[in-house]
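Beneath this line is the structure, given in structure tokens, with notes to follow.
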Amino acid sequence: MEACAPLAVRPKPLRVPYVPQPLALAIATRDYARLVDAGSFDSARPSALRPLWEAMGPAIWHWQYALRLTGQTAWRARPDADERRERTLVHLTMTRDVDTWERAMRRLDAIAARARALGDPIPDPLAIPREVREAIDARQAAALERVARRQGREGGTDGPTLVPVEVRPFPPPPGPAGSVDP
């Protein structure tokens with residue numbers, strides 16, 4: 001009988017756990033825009049959206065939500081630009097575009113009212129940056145002041161006090177968990 005040669009023992013490969021790397025802002029905004037453009041954002045799994053939210057952060061995420069509510073195209077970061085610079089630019093853009101935030105708030109109010117009436121789930125609230133909230137409040141105060149001046153010139157009436165269309169009660173901003181202050 002011949003002696004058998006010992007079998008070569010192969011070491012087991014080391015299993016290194018997969019640790020996902022955070023997405024770059026440009027990739028996250030590109031993927032977000034693709035989901036919105038394809039009409040599949042609302043049906044996307046939370047596990048697919050979470051990396052996008054983490055890469056964008058709450059401020060940009062809610063800005064994208066406001067753009068989606070108003071039917072505007074999603075914002076995309078430039079892929080070859082410095083990420084800090086892109087974040088600064090989008091912050092300036094989103095805090096100056098008060099009209100979009102106001103329209104988004106009105107649209108969200110209408111969607112929520114319809115959902116309550118039909119017994120559907122209420123949509124996620126919109127977290128508005130502090131600077132935008134202050135600008136909206138200033139606009140409302142100016143509109144009320146214009147009405148008061150107009151009523152003063154016209155001598156007032158015995159009827160109800162006029163309230164301008166642009167002044168309407170908005171829901172209070174979300175608490176600390178939904179805060180977007182940069």
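The values are calculated or read from the model by the stated rules, or taken from the named source; none is laboratory data. Because the structure is predicted, anything quoted here is derived from the model rather than measured. Note that we place each Cβ from the backbone using ideal geometry, even for glycine, and neighbour counts take in every protein chain shown. When the accessible area is computed, the model is the full protein with side chains, heavy atoms only, and any ligands, DNA or RNA have been set aside. Shrake-Rupley method; radii C 1.70, N 1.55, O 1.52, S 1.80 Å.
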Kirkwood-type radius of segment 25-153, with distances r between different C-alpha atoms, in Å: 16.4 Å
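With every protein chain left in place, what is the accessible area per residue of segment 25-153 in square angstrom, probe 1.4 Å? All intermediate terms of the calculation are to be shown ahead of the outcome.
Working: 7510 Å² over 129 residues.
About 58 Å² of surface per residue is accessible.
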For segment 86-149, alpha-carbon Rg and Dmax in angstrom: 14.9, 43
Trp53 versus Glu83: modelled label distance in nm, points set 7 Å from Cα along the beta carbon direction: 1.9 nm
Relative contact order for segment 1-154, counting Cα pairs under 8 Å that sit 6 or more residues apart, in percent: 21 percent
Dipole of segment 25-153 [Lys/Arg +1, Asp/Glu -1 at C-beta], most positive-end residue of Leu144, Gln64, Val90: Leu144
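Please report the carbon-and-sulfur percent of the accessible area for segment 25-153; probe 1.4 Å, protein heavy atoms only, DNA, RNA and ligands left out.
Details: 3880 of 7510 Å².
Exposed carbon and sulfur together represent 52 percent of the surface.
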Segment 22-66: equivalent-ellipsoid semi-axes (sqrt of 5 x gyration tensor eigenvalues, Cα, Å): 15, 11, 10
Ile27 - accessible surface, heavy atoms, 1.4 Å probe, Å² rounded to 10: 70 Å²
